[in-house]
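My questions all concern the structure below.
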Amino acid sequence: MWYSCQNIFKFFTILSFLLCINYPLFTQNNDSISSTNKFSLAEKNTEEGMWDFEKDDDFNLAKNKTKAIKNEIDISQLHCTKNVVFSKNNIKANIPYNHINSYAVSERNYFKTLQTQKDIVSLQFGIGFSLYQLNLGRNKAIIDDDTITFAYSNQEVTKNYLRYNYLTIPLKFNFKPFPLKQDKLQLSLALHYNYALSGKYQFSYNENGFTKKEIITGKLHQKPQFITSRGQVTYKNFGVFFESSLNAVFSIFHEPFFHRFGIVICNY
């Protein structure tokens, strides 16, 4: 809409300039210029002012401009495959997390877009941040230097989660199956490089009318980096996606793969 207003304004500016230049030709009282000639001159100037302008490269360039930065925000349920924790004595324990309350939130800014002339195919890359949170229910985590173990708690638990923050560098390939101006359907495939920034474990419970907290921060046995693959379908500013890690996300699990399914909001 903004670019259309710019083009209309530019058109009337150029047209007004042309009319000012030719104003004496319209107002002179020379008998040698008949009314027919005046009509032909006006028609010619109008056509040239309009059609030459629309063929101008600057007009086409402005019409094909896209926003410099494109944004995505998503939220999803977070799942992980059956993971096994090993201690020094090779004692195995499964992660007892709540599937419903575990979630992930991500935000990405795409600052570069390479695209075809009609924007049928495009390639984007940028930077973003992700938060992954596993809700542990009533199973308290005991985090040591070399392992994590879990113990069921009889306390009145209010919060009990493992939370991890990542720097994300996405590379996304987009395809529009119906290349029409009004078409907003877009299919996307992406790879996300995730770099571990921090981790946090919080266990909060009520005791004798008071809320008590146990908080541990650090890497919490997460691997420094992992890669995820992502499939996404968007229409206008909304869409759905599925994302799964391609390699281990924890240093002490056998098969520590995250996968998530959710909704995405975007500005393209």
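Which numbered condition in (1) crowded, with 19+ Cβ neighbours inside 10 Å; (2) closer than 19 Å to residue 196 by Cβ; (3) touching a residue at least 40 places away in the same chain (Cβ under 8 Å) is the only one that residue 136 fails?
Evaluating residue 136 over (1) crowded, with 19+ Cβ neighbours inside 10 Å; (2) closer than 19 Å to residue 196 by Cβ; (3) touching a residue at least 40 places away in the same chain (Cβ under 8 Å) leaves (2) as the failure.
Also, I was wondering about something else. With a cut-off of at least 2 residues that are closer than 28 Å to residue 248 by Cβ and in contact with a His (Cβ under 9 Å, 6 or more places away or on another chain), name the strands (runs of 3 or more DSSP E) lying wholly within the stretch 126-228. Steps first, answer last, please.
Details: elements: 139-143, 148-152, 156-175, 185-207, 210-218.
Where strands (runs of 3 or more DSSP E) fall fully within the stretch 126-228 and carry at least 2 residues being closer than 28 Å to residue 248 by Cβ and in contact with a His (Cβ under 9 Å, 6 or more places away or on another chain), they are 156-175.
Follow-up. Out of (1) surrounded by 12 or more Cβ atoms within 10 Å (Cβ to Cβ); (2) modelled with pLDDT of 90 or more, the odd one out for residue 210 is which?
Checking residue 210 against (1) surrounded by 12 or more Cβ atoms within 10 Å (Cβ to Cβ); (2) modelled with pLDDT of 90 or more, the one that fails is (1).
Being among the aliphatic types (A, V, I, L, M) and either outside the structural domain of residue 169 (by TED's automatic domain parsing) or outside any strand (DSSP E or B) (or both) is the filter here, so list the residues in the stretch 100-125 that pass it. Before the answer, list the steps.
Restricting attention to the stretch 100-125, the residues satisfying the condition of being among the aliphatic types (A, V, I, L, M) are 100, 104-105, 114, 120-121, 123.
Selection gives 120 alone.
Further question: From the residues in the stretch 145-193 that are over 20 Å from residue 230 (Cα atoms) and among the charged types (D, E, K, R), which one is surrounded by the most Cβ atoms within 10 Å (Cβ to Cβ)?
Restricting to residues being over 20 Å from residue 230 (Cα atoms) and among the charged types (D, E, K, R), the top hit is 163.
Hey, can you tell me all the residues within the stretch 233-242 that are in a strand (DSSP E or B) and without any contact (Cβ under 8 Å) to a residue 60 or more places away in the chain?
Let us first name the residues in the stretch 233-242 that are in a strand (DSSP E or B), namely 233-235, 238-242.
Result: 233, 234, 235, 238, 239, 240, 242.
Select from the stretch 121-169 the residues that are over 16 Å from residue 213 (Cβ atoms) and in contact with a Pro (Cβ under 7 Å, 6 or more places away or on another chain) and write down the one among them that is modelled with the lowest pLDDT.
Per the stated criteria, the residue is 150.
While we're here: All but one of (1) basic (Lys, Arg); (2) part of a loop (DSSP other than H, G, I, E, B); (3) at pLDDT 90 or above hold for residue 67; which doesn't?
For residue 67, the failing item is (3).
The values are calculated or read from the model by the stated rules, or taken from the named source; none is laboratory data. As the structure is a prediction and not an experimental result, all values here were calculated from the model. Note that we place each Cβ from the backbone using ideal geometry, even for glycine, and neighbour counts take in every protein chain shown.
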